[in-house]
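Report on one structure; see the data block that follows.
FYI, it's all coordinate maths here, none of it is from the lab. Because the structure is a prediction, the values reported are computed rather than measured. Virtual Cβ from ideal backbone geometry, glycine too; neighbours counted across all protein chains shown.
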């Protein structure tokens, strides 16, 4: 039996996107952007500070990096916890040594459970963005809207209360969303989010309840993706980061400011055998004259001021 | 279902008649950028799910959109530097969604060939009539938007029926005679062009389109490091170039600009292209030009050799 003829009908086959979330736009045709102090490459080091519950539900999927063994999966629980106990302090040292101004993407549940660490991060004055409630609290297609609305509200209200920061940014666990997530973020005062990986620069994103800005945080260059999912060596990750830095700096000379977004996981790069590689990457990037290290919100504001 | 698709006879690599490319070149190089459109909310196909998650599958959709927003122009500027014209494997709906990209390809005198309507619409389950209509739509769209009579086919998302190549060739003939529908990139059995047997008897060839050199296979399936991909391209070239001294070979690099044109991967690709194009006896060309040259100069002699050797094999 063959398919219904509707399979060969294309209701969205027209100019622009096949949805209304954002306008079609090629990066090469946009007005060039300038970063402060004559810099050409904004460095956004995004440190994901995560909480993986032992009683993972895995709905609708097991989050990458989460529990994989039968309950109680002590190996993955404790290995992720390592990042928040030990790894993060190595990462912070590396950040400070190379004068990097990081952004911390924090699971609200971690802030509730480990006030010491969040107190330390908040006291630094660096920007904190909300990384959802915890890594098993996924946003997904088909999720009950009321349940998701409560989840978003709880995550943002909680993190604002604990950190005293306005919390303008959002990164969904696993960058997964439902069809309603952008609306719920707008409802809760989120200004920018980092789930869509379709650009190297920010762009305006529509919701039915106000506009968001999509910020470019590459998955393809993410330490977890490169080292854990792809199984590349740490040295290769450093090569990839340095090659990206070179290319974006070169492109910026002709086409205007660019952004290098690096998502870092302390449970991964904070291991004794990996931290040196993170330091090498930071050393290389921070030595480039055109690089401007800034928190995500500051990069966003600089970009917005020129639109 | 059949044990063998019946497109070609066994034809051993050793002892083949010698192929020489124009100006005595040993190796024909073509780069095939896939310019694709994936739908956010495609209809279900009973045999293949377009996305791993329920709507909206943002991780998969958004990285593919990166190719259109960022990657293609980045690669175009790179290919310009080496004088390489792309042979575009085109989701033809891109002509409607993003005509600006098509214009940039036209300005560069790139080839456009059919890769179906969307890369989220599969051939599986289509009747012969439906598949014919889909292929016809794709070839007509290419003609309308580029003025080109589509020569080649790469089935959308490599989804085929037993009749795919027959239908492509036949629709090409119906629309434009022998000027369209004469090569396929869907078969990976050889490093040289091969005549393909079709029910129409049309002179039709398979042009090597390497899955091994395909950036998406390298990065998404095999998950290799960018510099290793660059090295594989160089190694692939070295061997085909050496063998091309005896009989001309074809090297294809199929790309997807949501993969190879990411900032951390393009340098390795650039190094490889620089290496290849620094060699004197490389014919930097397009899929269509290879197919035309082969059909004009070698189709008959190669077909005769294949027939003769098939008979030997039968004895």
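Relative contact order, percent, of segment B:32-314 when contacts are C-alpha pairs under 8 Å separated by at least 6 residues?
Relative contact order for segment B:32-314 comes out at 19 percent.
Helical content of chain B, expressed as a calculated mean residue ellipticity at 222 nm, amounts to -12000 deg cm²/dmol (DSSP H runs of 4 or more residues, -39,500 (n - 2.57) each, divided by residue number, nearest 500).
Note on chain A: with a GNM built from Cα contacts shorter than 10 Å, the maximum mean-square fluctuation among A:147, A:283, A:251 falls on A:147. Cα centroids of segment A:247-307 and segment A:209-234: 13 Å apart. Computing FRET efficiency as 1/(1 + (r/R0)^6) for residue A:85 and residue A:150, where r is the C-beta to C-beta distance and R0 is 35 Å, gives about 0.70. The modelled label-to-label distance for the pair residue A:62/residue B:277, using points 7 Å beyond Cα in the direction of Cβ, is 4.6 nm.
Arrange the following residues from fewest to most other Cβ atoms within 10 Å of their Cβ: B:112, B:269, B:294. Mind dumping the intermediate values first?
Values: B:112 28, B:269 22, B:294 25.
The fewest-first ordering by Cβ neighbours comes to B:269, B:294, B:112.
Peptide A:24-31 has a mean of 5 when you count, residue by residue, the C-beta atoms of other protein chains within 10 Å of its C-beta.
Starting with the fewest neighbours, write out B:84, B:224 ranked by other beta-carbon atoms found within 10 Å of each beta-carbon.
Details: B:84 24, B:224 17.
The most exposed by this proxy come first: B:224, B:84.
Site pair residue A:31 and residue A:120 shows an inter-label distance of 4.3 nm when each label is modelled 7 Å from Cα along Cα→Cβ.
Ranked for footprinting exposure by Cβ neighbours inside 10 Å, fewest first, A:37, B:296, B:39 give A:37, B:296, B:39. Shape class for segment A:33-304: oblate, because the ratio a/c of the largest to smallest gyration tensor axis (alpha-carbon atoms, square roots of eigenvalues) is 1.5 or more and b/c is at least a/b. Relative contact order of segment B:23-129, taken over Cα pairs closer than 8 Å and 6 or more residues apart, is 39 percent. Volume per residue of the convex hull around the Cα atoms, evaluated for the protein assembly as shown, comes out as 168 Å³. The alpha carbon centroids of segment B:285-315 and segment A:1-52 are separated by 45 Å. Segment residue A:208..residue A:113, full-extension length gain: 30.8 nm, with 0.36 nm per residue of separation and the alpha-carbon distance subtracted. At a Förster distance of 51 Å, what's the computed FRET efficiency of residue B:124 paired with residue A:54, Cβ-Cβ distance as r, to 0.05? So the FRET efficiency works out to roughly 0.75. In chain A, the DSSP-assigned H stretches of four residues or longer account for a calculated mean residue ellipticity at 222 nm of -11000 deg cm²/dmol, using -39500 (n - 2.57) per stretch and the full residue count as denominator.
Rounded to the nearest 0.05, what FRET efficiency is calculated for residue B:14 and residue B:189 with R0 set to 22 Å and r the Cβ-Cβ distance?
Numbers: r = 15 Å, r/R0 = 0.70.
Calculated transfer efficiency: 0.90.
Quickly rank A:43-50, A:118-125 as a protection proxy: mean count of other C-beta atoms within 10 Å, highest first. Walk me through the numbers on the way to the answer.
Details: A:43-50: 26.0, A:118-125: 15.2.
The densest-packed peptide leads the list: A:43-50, A:118-125.
Here the spin labels are modelled as points 7 Å beyond Cα on the Cα-Cβ line, and at residue A:304 and residue A:9 they lie 4.2 nm apart. GNM on chain B, C-alpha springs below 10 Å: top fluctuator among B:154, B:40, B:211? Residue with maximal mean-square fluctuation among B:154, B:40, B:211: B:40.
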